[in-house]
Every structure is written in C-alpha cells, then in structure tokens.
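The next block holds one structure in the form of structure tokens; read it before the comments.
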Amino acid sequence: MAKKSQIKCILDEKALHTVTLDPEKCRGCVTCMKRCPTEAIRVRGGKASVAYERCIGCGECIRLCRYHAKKSSHDSWDSLADFKYKIALVAPSFYGQFNNLEDINIVLNGLLAVGFDDVGEVGEAAEYVTDVTRRIMKEGSIPTPIISTACPAILELILMKYHDLSDRLLSTLAPVDVAAKLARERAVAKGVPEEDIGVYFISPCPAKVFALKMGLGVERPYVDRVLSVSDAYMRLVPAMEKLTDIKPLARMSSTGLCWGISRGEANSTNGVKTIAADGVEQCVKILEALEDGGLMDMEFIELNACVSGCVGGVMNVENPFVARSRVHYLTRKLKSEMNTIDSISKPVEWFMWEQNPRLKDVFKLDENRLAALSKLMEKEEILKTLPMVDCGLCGAPSCTAFAEDLVGGVIPRDSVCVRMQAEGLKQ
C-alpha cells in the first residue's frame, strides 16, 4: 500500500455554514464563545457571530445555547422529490433514538414505508473500515498511534490546529462514504439508472453535514442530500407502528452497531493498545498530549467530538446516555461475526482516501510572511498590557484572541480591554 503523499497546507475559503445563528434569539451571553474549541465565535454589539472558516461543525454552540439561537443546517425532507430512486443511509447511532426497539429491521422497513426505495447501513460499512484498519496496522504504513478520522469534527480540528499530527491520520474513507458507494453500486446492479439515484444520509450532527457536502477525502461527494435525525424520527415513529411485514434487511453485525457509541471503533481493532475519548474538550487534551510527544505507547486513538460518541450528536432527539444504553442492548440481538472486505470482493484501495484533506492555515495573521511576523511581534507587545484572565468581556474568547483581532484589523485599533477599563486601570 502506498504511503500517503504530503498534505498541502492551504486555506479552504468555501466553508459551508452548517451552524447558523438566529440574531433575534441571541442574547450575547458569551457561553458559546467561551466553549468553541477553535475560537470561531465573537460577541460584538450584543450578538454572536461565527467565523465560518474556523468552524468545525462540532455543534457545541448549539448544545450549550440556552436561548436556542444556534441551529444546524440540513436538507429539507421535501428534497425526497429530487430523485426517482431514493436510498436512505442509516447511522448506527440512529437506532438508539427509538424506545422499546427489539429489531433494527423495523427501522429499516419503516424508512421504506416513508418514501425510500432502498436502505444502506453505515454500520455495515464501518465493519469494512475496521477490517481495512486492522490490515493497515499490521502493515505499519502509518506511524502509531494512528488517529481515527471517523469523526469529521475531529478531523477538521486536526487539519486546522494540529498540523504536525497529520501523518498519523487514518487515511480510510468515512463509513458513510463507503456506505454510499456500496448503495450506489447495488442500485446500479439492480438496473437503476445512475442519474435516477439519490443517496440520503440521516445525520446526527452538523459536522457530518459539512463533511458530506464538501467531500472530505473524496474527489466528489457520494451523498446527495443530508437529512436530520429529528425530521426522520418524527415521520418514522408512526410508520413503524403500522408495519405488518418486517423484511430482514439488516446486514451489519454487533461490531458495526457499536461504532455509534464511544470506544466502539477502538474496541473493534482487536489486540492493540487503544485510547478513546469523547467530548470535544477531552479530545483537545488528548491531541495536545500527543502533539507534546505523549501517548507514544498507544497504537490507535479514537476521538469523538460528541459525548458518548455519535449518539451524542446535537441533531439527535434522545438523551445520549439513554441512546447509548439502547445501542448496547441491540448489539446482543445481532450476529457477532463481522463483515470483511473479502465478503464483498473489494481491494483495500477501494476504501482509502481518494485525495488528502487539506490542511488549513486559518490562524495565520497575514498572507505575507513578513507582515505576519510583524503582526506577531505587535501581538506579543499587546499581550504584555492585558490581564490575561480570558474573561470574555471584550467579546473575544481570550486575551490572545483580542490581541489577534486588534492586529488583524477585525476591531478598531483604539479598542481597549473592557475589564481593565471597568476597573479604572490603564492599558
């Protein structure tokens, strides 16, 4: 297997707005600003704003906003009219949304009842990715510890802030992209014209909306539309209650279903030293430790931006801990033997990135290196005058961010530290 080529470092200027703000509801409380892992949010004029080139779609701002001023973007359910043959891709975490579910086939048949012509399981695709991961680790083509790229929010975070870790990224396609490729192939094999096929993913989080719309690691997006779990759930519940004939549609094993919860992917690697973290703040700590040369005794690292894994996505309807428990319960009802790539006669290369995701220099102070160096020196001088308490009163998440906004011209040059001004101190 060929080693990954060097990843080029460029700025992606076509950031997709997968998290939007309702200014009518925003109270300027700074909660979202203080918890954003990439400092993408500012609060000025009493309202929050998002620097979308820094947004990783983790959904923390949506989760924390008590005024419901943030919301995730996704395609409308009406978009089902866009294609003649519609395929729904179901994430493992989706099954955890339903109370008293005894058979995942009920969900799959319910999707057919609400307008889809076929269904695909992301969990099945996850098992193929697991098989490929095991082979890559055995081959040793990526330095350990290898970092999972299944969570697109974490992948984006690394591409933005942790460039030195890029050679450790697992260069496999995301399970949802594998599921989409398989679903298209199966539909074409049935005689469905390629142009009639529409692949729809039911997403638990805005990061997956971003990844699928932009096409992370692929030459072109394989998914045509991305729907929200909440939209699908409201239509599925009554449809599932009316089902009289449950066809056995499920292909995945308990291994694939476990990918919907934290540590599911790590556990599937079998026999290697792993670490799994969930919640974006804990993931940042792991990445910082790894960047500082720690955790070198580990072989595989699984990171999920959402607490408890994908069941914790902000586009879900159920409490993540309840959903996690339900997924655990359902794993006992599935076969234990995992699907492998040999069973579908695909080579390892079929599951690999088609192109490397691009590193992003969103934190540089200027495109010109000399100007950037000058601004860096100016920023350091400004920081010497600030209290360095990161109170957020100025509308920036930290004193460092305030200084960067000053030298970058984001705010007027005569702007002062609000805290020091209030305390009657001279900046």
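No value in this document is a laboratory result; all are computed from the given coordinates. Since the structure is predicted, the reported quantities are computational estimates derived from the model, not experimental observations. With ideal geometry, Cβ positions are generated from the backbone for all residues, glycine too; neighbour counts draw on all protein chains shown.
Surrounded by 18 or more Cβ atoms within 10 Å (Cβ to Cβ), in contact with a helix residue (DSSP H, G or I) (Cβ under 8 Å, 6 or more places away or on another chain) and not hydrophobic (A, V, I, L, M, F, W, C): does that describe Lys364? Considered against the rule, which asks whether it is surrounded by 18 or more Cβ atoms within 10 Å (Cβ to Cβ), in contact with a helix residue (DSSP H, G or I) (Cβ under 8 Å, 6 or more places away or on another chain) and not hydrophobic (A, V, I, L, M, F, W, C), Lys364 comes out as no.
Condition first: buried (at least 17 other Cβ atoms within 10 Å of the Cβ), hydrophobic (A, V, I, L, M, F, W, C) and either without any contact (Cβ under 8 Å) to a residue 24 or more places away in the chain or within 24 Å of Val223 (Cβ to Cβ) (or both). Now tell me which residues in the range 62-88 satisfy that. The answer is Ile62, Trp77, Leu80, Phe83, Ile87, Ala88.
Scanning the range 295-332 for residues that are assigned to a helix (DSSP H, G or I) and of a type in the set (Asp, Glu) gives no hits.
Taking the criterion of being surrounded by 15 or more Cβ atoms within 10 Å (Cβ to Cβ), touching a residue at least 60 places away in the same chain (Cβ under 8 Å) and either over 27 Å from the mean Cα position of the chain (by Cα) or under 27 Å from Cys151 (Cα atoms) (or both), would at least one residue in the range 399-407 satisfy it? Yes, that holds for at least one residue. Every residue in the range 342-354 that is surrounded by 12 or more Cβ atoms within 10 Å (Cβ to Cβ) and out of contact with any strand residue (DSSP E or B) (no Cβ under 8 Å at 6 or more places or on another chain), please. Those that are surrounded by 12 or more Cβ atoms within 10 Å (Cβ to Cβ) and out of contact with any strand residue (DSSP E or B) (no Cβ under 8 Å at 6 or more places or on another chain): Ser343, Ile344, Lys346, Val348, Trp350, Glu354.
Being in contact with a Gly (Cβ under 7 Å, 6 or more places away or on another chain), free of Cβ contacts under 8 Å to residues at least 60 places away in the same chain and buried (at least 24 other Cβ atoms within 10 Å of the Cβ) holds for only one residue in Ala48, Ala91, and it is Ala48. For the range 380-404, a residue qualifies if it is part of a helix (DSSP H, G or I) and in contact with a Cys (Cβ under 7 Å, 6 or more places away or on another chain), and the qualifying residues are Leu383, Phe402.
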